[in-house]
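Notes follow the structure.
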Amino acid sequence: MTMEGFICSQHWKRYVPAVLLFLATLNSTSAVTHYSVPEELEEGSVVANLVGDLGLDVKTLVERKMRIEIIANRKYLDVNKETGELYIVERIDRESLCPAKTSCYLKMEAIIENPKRIFYIELEILDINDNAPHFRRDTIDLDISEATQPGERFSVSNAVDQDVGSNSVKTYRLSESDYFTTEIQTGRDGSKFADLILKKKLDREQQAVHYLILTAVDGGMPSRSGTASIIVHVLDTNDNAPTFDEDSHNITIMENSPTGSLVIHLNATDMDEGSNSDLIYSYSLYTSEKTQETFNLNPSTGEITVKGVLNYEDVRIYDMEVIATDKGANALSGQCKLKIFVEDMNDNHPEISIKSFQSPVNENIELDTVIAVVSVSDKDSGDNGVVDLHIPDNMPFKLRESSDNYYELVVSEPLDREKVPEYDITFTVTDRGSPPLSDNETMTLELLDVNDNVPQFPQSFSTIRVMENNAPGALLSSLTAFDPDLHENQYLVYFILEKEIANTSMSMLFSINPENGNLYALKTFDYEIEKEFLFHIEARDSGSPPLSSNVIVHIIIVDQNDNAPVIVSPWRAHGSVVEEKIPRSTDKGSLVAKVIALDTDSVHNSRITYQFLQVTDATLFSLDQYNGEIRTMRMFSYRDPRHQRLVVVAKDNGEPALSATVTIKLSTVETAVKAYSDMTEVPLEYDIFSDLNLYLVIGLGSVSFLLLITILVTIVLKCQKPKPSKAAPPCRNSVISERNSTIADSTLVSNDAYWYSLFLAETRKGKLVVRQPVPKGSRYIVSSIPRGTGVTDTSDSAASTLQVGIKCVYLF
């Protein structure tokens, strides 16, 4: 149902009860009031003075409740109760209210009460030109063959305008074009549309696409317009024949060109498109079979390549004609002529022949010795037949021409197999053609090894540290040499160069594996007896003659703390207690006794400290931990016991530490016995005719005799071999120290002052001290001989025996 029909239907549905109401109401009326207004009036615009037109009193509008009812979905108008004017409440759009209609009416009722009356009002909505024409599609595509004749018509979609009457579409305009124009047509309903007419024959090759603008204009004042783009695609027809870039070609090609070599790439073009421009290349009937067998023509790409053998001596010129044909319905074609010239070239390679070759050769071969004889040749003539022979640079060889096209390879530099064991000698022969041709032959020259390299140790001096008390057969080190020679010239044998130390051969002390150079110890070493060894180890190859080198081996015996300190002062029999007497009137700080201990280990391990292990009264005596002096810390009192027991321990600095102890029993006396404050000031006090002195003289004589024998043996050995003398026989109850050595931080210092103080201290206790000085560089023997006995032991170990070197003996 249309909008107009809907409005009329609604009107009559309301009109019937209105008529019935008119019959029942006294002053009711059925008259219709007509008004006309243009669409799109602004809100508040006055349409008419409704009260005046209806003959009503303005003053009674409010009292009579005047109202407007519109037969529509919206309330477009209303009445002003103060002025009685009918005005616009909402903007009216005619195209929305009455679409596709030439006339548009809005029906309404004005109702008042007391008495009730109904006035029928009909408002005509007039059209204004508020809508521009527009096309259903913004772009119109047309496909037209280039073979279409002029005058042909093509329909395009028409434009529409929502306005009516003179405001609707009135005409069409086409953008400027040499090929197209338009013709306006009018439909039965009065609508306007345009036909596109071809004015001039199309040519796709000149212009494949035409772009046009079609404009629709309405009849409003001012007029409005809308546009659409027309794209005309020109369809191709096969109206162009293929053409080559050039009608003829002259080509030069080298003889013996390989199969597949490109001769020329022919290019033909067809201005058509699609299958009309697809081309096929072929030989014409004027091309000989020989030419077609020699050259290949690709039918798709137009490439001409070599198919057969080109020989300048056989055929020098080839003539051919190539046709390019399109694939259109009515095929068209084009032709191209070619002339191919074959150019002569240097096509014979030079040849090389090895007449003789000597390999292998010794690496010490003499210079200018002939190694090989080579001949060269070339079948070509002129410059193409002239050849040159050469070998790579940076090789110790050179070529020497002996006769026509004959060459000798001779040694030019000394050879060394250890640097380059073999040479790959490439003989290259090149002719002088253009381009030059060449050939090569490679021969391998092997070098035989000669024994020309001395075995080499990594270093010429090797220091090996060995801890004393090692196990016999222990591996000390591996002394390996390297020889770059080969085979027997490379096989090495290791051995120790014989050398005697103290009449002892090195082979009795050490052993070396002759195959790998592993050095072993054959005995257990004692640092206190042997501190170091110096000898040579030789590595000798098995060449002829053999070559050898040696390394100096320095064996250093590292000390272990394996000797306990030995207490040499105060002397006492094994397990006995040293008894000393001092007056009770001794002053504070007086020297009571001095403990002296010796350790035959190295300086670090022999550093001795002293401390009390037991003491009767810790407040009475002090012990210097470095020199072993025991002094009084205060004077004796009547409360102090008469007997004091002191146990002193002497401990070395080794790890773990070893020690020795001595027990001293001090007895205080009331007699005036002078205490010795310094051992260097104590006089000799013994009875030369006592039994003890007799024993001392006998012991001293025995020791002196033994020392004299030792000195004589040493002198004999010195005269035989200028090497360090062997160790003196060990002597019980003897203490040995190197000159200028220090034990326990100056506890025992081998200088004259010390030996003098030791002499005084020991003789005071009933012992005779015998000093045996020797020249600088030798050692001392100090014998402490008790008066009543000939044996001296410590609580921890027997008296140590050290190596002694003596030249002269002096008795103090």
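The values are calculated or read from the model by the stated rules, or taken from the named source; none is laboratory data. All values derive from a computational prediction rather than experimental measurement. FYI the Cβ positions are ideal-geometry reconstructions off the backbone, even for glycines, and counts take in every protein chain you see. SASA here: full protein model, heavy atoms, side chains in, ligands and nucleic acids out. Shrake-Rupley method; radii C 1.70, N 1.55, O 1.52, S 1.80 Å.
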Exercise for the section: Residues being open to solvent by less than 60 Å² (accessible area, probe 1.4 Å) and under 15 Å from residue 465 (Cβ atoms): count how many of those fall in region 517-551. Expected result: 6
Handout entry: region 479-500, residues that are open to solvent by less than 50 Å² (accessible area, probe 1.4 Å) and either of a type outside the set (Asp, Glu) or within 30 Å of residue 604 (Cα to Cα) (or both)
Key = 479, 481, 484, 489, 492, 494, 496
Exercise for the section: Give, as residue ranges, the strands (runs of 3 or more DSSP E) completely inside region 73-163 that count at least 2 residues that are among the acidic types (Asp, Glu). Expected result: 117-126, 139-145
Exercise for the section: Could you give me the residue pairs with C-beta distances under 6 Å whose first residue belongs to region 616-632 and is among the aliphatic types (A, V, I, L, M), whose second residue is open to solvent by 40 Å² or more (accessible area, probe 1.4 Å) and assigned to a strand (DSSP E or B) wherever it lies, and which are 6+ apart or on separate chains? Expected result: 623/612
Handout entry: Selection within region 270-296 - farther than 18 Å from residue 243 by Cβ, within 60 Å of the chain's Cα centre (by Cα) and of a type in the set (Ser, Thr, Tyr)
Key = 294
Completion exercise
Out of (1) open to solvent by 40 Å² or more (accessible area, probe 1.4 Å); (2) out of contact with any Pro (no Cβ under 9 Å at 6 or more places or on another chain); (3) closer than 30 Å to residue 266 by Cβ, the one residue 340 does not meet is (1)
Problem - residue 302 being open to solvent by less than 40 Å² (accessible area, probe 1.4 Å) and not assigned by the TED database to the domain that holds residue 435 - result: yes
Problem - The listed residue being of a type in the set (Val, Ile, Thr) and within 30 Å of residue 244 (Cα to Cα), out of 425, 371, 354, 340 - result: 340
Practice task
Provide a single number: the residues in region 186-215 that are more than 21 Å from residue 141 (Cβ to Cβ), open to solvent by less than 60 Å² (accessible area, probe 1.4 Å) and either among the β-branched types (Val, Ile, Thr) or in a strand (DSSP E or B) (or both).
Solution key: 1
Handout entry: All strands (runs of 3 or more DSSP E) inside region 527-627 with 2 or more residues being among the charged types (D, E, K, R)
Key = 532-541, 578-583
Fill in the blank from the handout: If we ask which residues in region 71-113 are of a type in the set (Lys, Arg), within 21 Å of residue 130 (Cα to Cα), open to solvent by 30 Å² or more (accessible area, probe 1.4 Å) and modelled with pLDDT of 80 or more, their number turns out to be 1
Problem - Subset of region 441-478 that is within 14 Å of residue 555 (Cα to Cα) and among the charged types (D, E, K, R) - its residue that is most open to solvent (accessible area, probe 1.4 Å) - result: 465
